[in-house]
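Have a look at the structure below, then the notes.
What follows draws every value from the coordinates through simple rules; no lab data is involved. It should be emphasised that the depicted structure is a prediction, and the values quoted were computed from it without experimental measurement.
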């Protein structure tokens, strides 16, 4: 099985979600199913069917999280240094057209969240940035054509 690169923070977030699903969601669902069963005929019991559907979703997510966590390859960005962009780097770039500055940390697929500045290592922008250094220009192909970003800063924190 392939290892899944992620930061320690990303692994801890996934482990917390798994604990929540097992320790909070599962017992809640069991109680909801038991309560729904008390109402009689299960074939026309919407509460029962909703609880079973929720149970199916939670069990699927538990399986997915257990698989990802078991294959996690934790990479500590603090162990890197230098100016070459690689997994874990926090990169500040400027759109060469608009001069808009953006800062992203390149993280694993399962921990990415663009709104908080966490960019998946498999995203087009991250792939364009990998192996580049300060002052380089990275081209990202978008549906409306190529976009160019100048690399302003690279940190490993």
In whole angstrom, how far apart do the alpha carbon centroids of segment 1-75 and segment 99-157 sit?
32 Å
Given a cut-off of 17 Å, what percent of all Cα-Cα pairs of segment 4-74 lie beyond it?
50 percent
Please give the length that would be gained between residue 144 and residue 59 if that part of the chain were fully extended, namely 0.36 nm times their separation in residues minus their C-alpha to C-alpha distance (nm, one decimal).
26.6 nm
Of all DSSP beta bridges in the chain, what percent run antiparallel (nearest 5)?
75 percent
Where Rh denotes the Kirkwood radius from the mean inverse Cα pair distance, what is Rg over Rh for segment 77-155?
0.94
Over the chain, the quotient of the Cα radius of gyration and 2.2 N^0.38 Å is 1.44
